[in-house]
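Trainee: First, the structure itself, so that you have it in front of you.
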Amino acid sequence: MTKDMLDLAKHIVNQKTGKFEPAKFEDQYEAALVELINSKRAGKPVTAKARPRGENVVDLMDALRQSIGKASSSPAKPAKKTRKASAGQKEMLMPIQGKGQKAKEATTRKPASKQRKSA
């Protein structure tokens, strides 16, 4: 790790450091557990509590549909990105042949050249 990164990490830790005051700390897990144990001791049925609903909940499917609708007003087909080999990759990246490509290749293939005669 570089010295700059270490200095930055130390700075962040120092900014967030504070005194722990146990009187201000409330363990919500412990409180819920004690409440559950007390209700079981009293013979009450244990049921799961309903989760609170958030007020600003976004429906992802609606957002996706809206983004597709906005994108359809842009040009029909964006340019395809070419795949690049990573730094350590030794083999070539070859396109995956689909049904349409096989038929296209079959019509554009050149006949095989003559084989060499062994001497």
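Trainee: Do you know which residues across the range 36-61 are open to solvent by 100 Å² or more (accessible area, probe 1.4 Å) and charged (D, E, K, R)?
Mentor: Scanning the range 36-61 gives Lys40, Arg41, Lys44, Lys49, Arg51, Arg53, Glu55.
Trainee: Can you name the residue in the range 10-20 that is in a loop (DSSP other than H, G, I, E, B) and not polar (S, T, N, Q) and, of all such residues, is surrounded by the fewest Cβ atoms within 10 Å (Cβ to Cβ)?
Mentor: It comes out as Lys19.
Trainee: A further question follows. Considering the range 43-61 alone, what residues qualify as being of a type in the set (Val, Ile, Thr) and under 30 Å from the mean Cα position of the chain (by Cα)?
Mentor: The answer is Val57, Val58.
Trainee: Within the range 22-33, restricting attention to residues that are charged (D, E, K, R) and open to solvent by 90 Å² or more (accessible area, probe 1.4 Å), which residue is farthest from Ala48 (Cα to Cα)?
Mentor: Ranking the candidates gives Lys24 first.
The values are calculated or read from the model by the stated rules, or taken from the named source; none is laboratory data. The structure presented is a predicted model; accordingly, all values stated were derived computationally and were not measured. Glycine gets a Cβ as well: all are built from the backbone with ideal geometry, and neighbour counts include every protein chain shown. Each accessible area value is taken on the protein alone, full model and side chains, heavy atoms only, with ligands, DNA and RNA left out. Shrake-Rupley method; radii C 1.70, N 1.55, O 1.52, S 1.80 Å.
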